[in-house]
Amino acid sequence: MEEFYLNASSVFATDLDGDGDMDVLGAAYGADEIAWWENDGSEGFTKHTINTTAFNGANSVYAADVDGDGDMDVLGTAVIDNEIAWWENDGSENFTKEAIDNTFTDAQAVYAIDLDGDDDMDILGAAYSAIIDKIAWWENDGSENFTKHGIDSAFNGARSVYSIDLDEDGNLDVLGAAFTADEIAWWKNDGSENFTKQPSIDSAFDGASSIYSADVDGDGDLDVLGAAYDGDEITWWENDGSENFTEHCLDNLFDGARSVYAADVDGDGDLDILGAASRLDEIAWWENKGNQNFARHSIDSSFDGAYSVYAADVDGDGDLDVLGDVLGAAYSANKIVWWENLGP
């Protein structure tokens, strides 16, 4: 898809232009760039750069209808610029940058969801080196004026953030991964957006780098998934329905585990797990066989500096394809790639 995208660091997919097929978005740390690749419906991709000025150290990308006008906008973080920003889509994929926060030190990750339930999109972020508010959210007043609210100032080395109603009480909670603290954690929302940190899901997850949540075991409650860069682990924690979590390590030899995601890759009705490993140079998936048994499959074992993974039906054939991007040396990495799922 993109054979040279300097220090590609994040990938996402959505129908950005509203034409019924999946487009691809990427962030490139070395290129200081947020871009999207337009899908022509036959998996021919045309690159469009979103930022018109350098977005220094672009590290994360996401898409959501931030302004509620019916089209998808783009969000990103810039590590060097210490910034979280969004680009407004005018409906014709002309993008105008709007700053959310340019003092979010070492901004690592961005996510968008209606956190306070007032029918507009709020923003969540993780900042690796922030002195305060390492996990924070920005409240949208409905006119895209954003007010920052800190969630945690002691979550050292915050690298990843996600939101879901983990305890199923009708309020969206927040989850995070902290690289320096080696921690996977969650903060309970009391319904008034007061967030209280709960007992750690894991406080010894070495170099926690990525977090996600889904019902992995199909028992009706939400489990938690994580990637540990220094621990070389892809792990999921089983929720007993009362937010007591039991660890299940899928792989502790996944060298430099950087990213984790869950999707029904094989279309058999249960969730499989995907991962990217930077030092192992691999994109892999673990097939859910049921009863908490997983079988490992390599998608690409020479994807140098594999950094991010995502799944979407890129070719519109009804199955989930896999998207991954890489951070690595220029001689063998720096690209956005997708792998077509050919089915059973």
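All of the numbers you see were taken from the coordinates with simple rules; none came from a lab. These numbers come from a predicted model, not from an experiment. When we count neighbours, we look across all protein chains shown, and the Cβ atoms used for this are built from the backbone with ideal geometry, even at glycine.
The table below gives the values:
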{"read-out": "Residues Ile113 and Thr180, FRET efficiency given R0 of 25 Å [Cβ-Cβ distance, rounded to 0.05]", "value": "0.45"}
{"read-out": "In nm, spacing of pseudo-spin labels at Phe4 and Thr147 (7 Å Cα→C-beta vector)", "value": "4.8"}
{"read-out": "Spin-label proximity, Ser203 to segment 214-254 - amide N less than 15 Å from point 7 Å beyond Cα toward beta carbon", "value": "245"}
{"read-out": "Ranked by how many other beta carbons lie within 10 Å on average, peptides 245-252, 301-308 from highest", "value": "301-308, 245-252"}
{"read-out": "Highest average packing first - 226-238, 11-23, Cβ atoms within 10 Å", "value": "226-238, 11-23"}
{"read-out": "Under 5 Å, built H, 5+ apart or other chain: amide partners of Arg258", "value": "Ala276, Ala277, Ser278"}
{"read-out": "For segment 1-107, average projected area of the Cα convex hull in nm²", "value": "6.0"}
{"read-out": "Amide H contacts of Arg159 (H built 1.01 Å from N, under 5 Å, at least 5 apart or other chain)", "value": "Ala177, Ala178, Phe179"}
{"read-out": "Amide H contacts under 5 Å for Tyr307, placed H, 5+ residues apart", "value": "Asp325, Val326, Leu327"}
{"read-out": "HN-Hα J in Hz across segment 72-78 - Karplus 6.51, -1.76, 1.60, θ = phi - 60°, x for Gly and Pro", "value": "8, 9, 10, 10, x, 10, 10"}
{"read-out": "Cβ crowding within 10 Å averaged over residues, with 53-60, 106-113, 262-269 ranked highest first", "value": "106-113, 53-60, 262-269"}
{"read-out": "When the convex hull of its Cα atoms is projected in every direction, mean area for segment 8-339 (nm²)", "value": "15.1"}
{"read-out": "Global geometry of segment 124-228, whether rounded, prolate or oblate, following the gyration tensor of its Cα atoms and the 1.5 cut on a/c", "value": "oblate"}
{"read-out": "Net lengthening on full extension, Ala54/Asp69 (0.36 nm per residue, minus Cα-Cα)", "value": "2.7 nm"}
{"read-out": "Derived scalar couplings ³J(HN,Hα) [segment 185-195; Karplus, 6.51 cos²θ - 1.76 cosθ + 1.60; whole Hz; x for Gly, Pro]", "value": "9, 9, 10, 7, 8, 7, x, 10, 6, 9, 10"}
{"read-out": "Calculated FRET value between Glu247 and Glu168, using beta carbons and R₀ = 22 Å, to 0.05", "value": "0.55"}
